[in-house]
Amino acid sequence: MSVTPDAVPQKTFRLSMLIYDTRYRSLTIQIVTLMIFMLGAAWLISNAVSNLAALGKPIQFSFLWDPAGYDINQKLIPYNNQMSHGRAAIVGLLNTLLVAFLGCFVATILGVIIGVLRLSKNWLVARLMTVYIEVFRNVPILLWIIFAMSIFIEIFPKPNEFRGANANASMSLWGTTAFTNRGTYIPKPVFNDGALWVGITFVLSLVAIWAFRRWAHARQEATGQILPVFWISLGIFFIPSIVVYMIIGAPITLDYPVLKGFNFKGGLHLRNSLISLWLALALYTAAFMAEIVRAGIMSVSHGQTEAAYALGLRPGRTMQLVILPQALRVIIPPLISEYLNLTKNSSLAIAVGYMDITGTLGGITLNQTGRELESILLLMLIYLGISLSISSVMNWYNSKVKLKER
Amino acid sequence: MKKSVFLGALTVAGFAAAVASAGTLDDVKAKGFLQCGVSTGLVGFAAPDANGNWSGFDVSVCRAVAAAVLGDPQAVKFTPTTGKTRFTALASGEIDMLARNTTWTFTRDVDLKFTFDGINYYDGQGFMVPKSLGVTSAKELDGATVCIQTGTTTELNLADYFRSNNMNYEPVPIETNAEARQQFLAGACDVYTTDRSGLAATRATFENPDNYVVLPEVISKEPLGPLTRQGDEQWSDIVRWTLNALVSAEELGITSANIDELRKGTNNPEINRILGTEGNLGAMFGLDKDWAYRAIKAGGNYGELFEKYLGEKTSIGLSRGLNALWENGGLQYSPPFR
């Protein structure tokens, strides 16, 4: 067979080739689609812009520097009603981050415990966990939030009932904490002179724990001897700080809540809005996380457990050293979406009057300034930013625990 | 070429946007009913009964407008709005007019681009507390927990009042009057603040209204009235003059009882002009001669509506006060029909 050179002559490019030539066709279709899509988007945007201009409300963000004029009950940074709408938005943002962080923290712990317990061989425990999961994940989160709030409002006593010689209510936990229908007042640590040294000691002991665990790990690799790492870590965690605290003479004291006027004064005020939102978000999300954890554990072949037992590992160690590291690979990616869900669900905060970013920027500020589009756009950008940050951190963690292919 | 297509598209979009805002009157006539924004439920002003029929002082304004425009006071669909959602609902065209005890302020009129079509209730912000608290003046409220509806002027007045009196408070933001009621009754807040008419209306729904007291201080001016989108003068005029017709009717003694009698013709030319037996005022804004007749006939004149929904014989028990006619020492005063 003779090899004939390709007989196609070098043709010049013609426009029709964009449609009839398979080399270009898909590219043509993609470009045309993109143009149509962009034109559509441009039409929508310009429509919005010209409609707003016709209303006399061109898009501008200068309102963020105007005085807000309203007060916010829970603020992590100093704020008063003379400060700007932008500042109010930041106060709200911090409140969102606070409840999201607290919620994710508790939900993770609960989720892992419940997920493991659901696999328990104890019939009652496993069934109880099943009931918990089914009840919590099959009722909308908004109802849980409102339900929690109603319980707090109706069950706990009014601050007034703590008053007088024979009051209806008294403070709990040895007189340190007041559960009221306006929130829980707990003692607040007050840092006096010398508290810095206690703090430094505490940080140093954390470093020491980390170093000790590293050393113990290396020692075990080298000699096979196992130290009681947990108990020693626990000791390092508490003892040095307490010793320094005693030596300097108790530089950290507690400020107890006291009933004064209409409300309790002093101490830390955990508002019912925060607690109910936090609880509802955590319990609701924990139900989903439990299922994720269960799926992760079940994805590890039972042969792994049997092999570990055959090597003489105890069940706890088997879970810790064999099952969980493998299960984490399955658990982490869906866990990320649960964190994102919890954060985004926190925008339901207004249902109980928790002033998160949706309540300040997307609520009162939007309403008082009438800048709907700007506020909502900012709000979307902020949630996008928070979510992307969470996923990038979690993706980094995921890449650390995932199967290393060498 | 790509650029010119893009610019062309922009131009088309611009035209489309311009066409989108036709007259509200034509829209309402075309769809055959009036979409009216009211509150989510404030007895006396706007509240649905067991069968879902809305009634109240603000609702009557909607019904009067519907009667004037469409000839049927029942041709109204109500959209319950919260303090937060009301302006967006009106600005977006979801509702044709808003009658939701909304305070007329500079920024709402000028910056939010609405037109206030008169004042149907002169109000002021007050405080309600349980009697057991032993408070007799708002000046004693330092440190109190205060329930407020978010997105209202009351929120800003409250902040101003406590600041100017050097007092502290703990705000509890609330979305609707019903939630405020629950929190206030449970004692989750010491004080509920809103317009005094709203306080009276809320108090009337309590099991033991006598255990609660409205403090004497009035900390703000709250002129409440219906509003429409700015830029549709014809529609704004219709709402404004419907309200004026109700007030004029009281001034001139036109009631729902004698209106049919008066319509046969009287010696008073202004009554004749309002009721359409002399001249044709209605045609000037695109309605027929009988528009005001139907508006007044729908529920009665301003005084009748007040007595029926808010007056001293109702559970709310408000006196006319500032809302009496100017002849009787109040502020209600209608420009002449001429």
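No lab work stands behind these numbers, since they all come straight from the coordinates. Keep in mind it's a predicted model, so treat the numbers as computed, not measured. Here Cβ is always computed from backbone atoms with ideal geometry, including for glycine, and neighbour counts include all displayed protein chains.
A few notes on this one:
- Check: chain A dipole with +1 on Lys, Arg Cβ and -1 on Asp, Glu Cβ, in debye: 680 debye
- Chymotrypsin sites (Phe, Trp or Tyr not before Pro) within region B:273-318: DSSP coil, no more than 12 neighbouring Cβ in 10 Å: none
- 10 Å Cβ neighbours from other chains, averaged over peptide A:356-364: 2
- Gyration tensor (Cα) of chain A, equivalent ellipsoid semi-axes in angstrom: 48, 39, 23
- Along principal axes, Cα extents of the protein assembly as shown, largest first, whole Å: 117, 109, 52
- Computed helical MRE - 222 nm, chain B, DSSP H runs ≥ 4 contributing -39500 (n - 2.57), nearest 500: -11500 deg cm²/dmol
- Fraction of alpha-carbon pairs over 17 Å apart in region B:125-220 - percent: 42 percent
- Neighbourhood charge, 13 Å Cβ-Cβ cut-off, centred on B:E278 and excluding it, Lys, Arg +1 and Asp, Glu -1: +3
- For B:S55, the residues whose modelled amide H falls within less than 5 Å of its own, excluding neighbours fewer than 5 places apart on the same chain, are B:A47, B:D49.
- Largest to smallest principal axis extent of the C-alpha atoms in chain B, angstrom: 73, 59, 39
- Region A:311-351 residues near the modelled A:H217 label - backbone nitrogen below 16 Å, point 7 Å along Cα→Cβ: A:320-322, A:324-326
- Values of log10 I(q)/I(0) for region B:185-297 across q = 0.11, 0.16, 0.23 Å⁻¹ run -0.59, -0.82, -1.20, by the Debye formula with one identical scatterer at each alpha carbon and no solvent.
- Net charge of Cβ neighbours under 13 Å - reference B:K297; Lys, Arg +1; Asp, Glu -1: -2
- Cβ-defined net charge surrounding B:F184, 11 Å radius [Lys, Arg +1; Asp, Glu -1]: 0
- Separation between Cα centres of region A:242-292 and region B:238-315, rounded to whole Å: 62 Å
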